[in-house]
Structure formats: C-alpha cells, structure tokens
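The values are calculated or read from the model by the stated rules, or taken from the named source; none is laboratory data. Just so you know, these numbers come straight off a predicted model, no measurement behind them. Positions of Cβ are generated from backbone atoms using ideal geometry, with glycine treated the same way; all protein chains shown enter the neighbour counts. Protein only, heavy atoms only, side chains kept; ligands, DNA and RNA dropped before computing areas. Shrake-Rupley method; radii C 1.70, N 1.55, O 1.52, S 1.80 Å.
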Amino acid sequence: MNFDAIVAPIAEFSSTDAGQIVTQVLRFFYELASPSNADAAQLAKDAA
C-alpha cells in the first residue's frame with residue numbers, strides 16, 4: 001500500500017483556496033463534536 005499515493009492528492013487539494021475552506025469547515029465540525037473542555041472518560045465504579 002503506497003501511503004504517499006493516498007496522502008499526496010489530499011495535501012495538494014488542501015493547499016488550494018477551496019481546499020483550505022473545506023479544511024476549516026471540517027475542522028470546525030470536528031471541534032464542535034469533540035470540545036476540548038469535555039470531561040475525560042472514566043470507568044464506571046459499579047460495573048455489576
């Protein structure tokens with residue numbers, strides 16, 4: 001599997017103006033779905 005063949009077109013697209021806009025929109029939705037101030041995951045103490 002040639003990883004460079006997969007990543008190169010994505011990197012080339014994200015360097016264009018439209019690609020930067022798409023990247024910012026996707027980053028916004030990613031940050032909206034997983035906010036940085038969310039509590040850390042914890043195991044349930046009473047798993048019975």
note = Summing -39500 (n - 2.57) over every DSSP H run of at least 4 in the chain, dividing by its residue total and rounding to the nearest 500, the 222 nm mean residue ellipticity is -19500 deg cm²/dmol
message = For the pair Ala33/Ala11, report the inter-label distance in nm, with labels modelled 7 Å from Cα in the Cβ direction.
response = 2.4
task = Once you have the Cα-Cα distance between Gln42 and Leu26, take 0.36 nm times their residue separation minus that, and quote the gain in nm to one decimal.
result = 3.0 nm
task = Taking the Cα centre of the chain as origin, sum charge times position over the Cβ atoms of Lys and Arg (+1) and Asp and Glu (-1), and report the length of that vector in debye to the nearest 20.
result = 120
message = Can you tell me how the chain classifies by the Cα gyration tensor, rounded, prolate or oblate, using a/c under 1.5 as the rounded cut?
response = oblate
inquiry  = Angle check, please: helix 3-14 long axis (alpha carbons) against the longest principal axis of the chain (alpha carbons), in degrees 0 to 90, nearest 10.
reply    = 80
key: Accessible area (Å², per residue) of the stretch 1-46, counting only protein heavy atoms and a probe of 1.4 Å   = 99
ask   = For the chain, which whole percent of the accessible surface, found with a 1.4 angstrom probe, sits on carbon and sulfur atoms?
value = 62
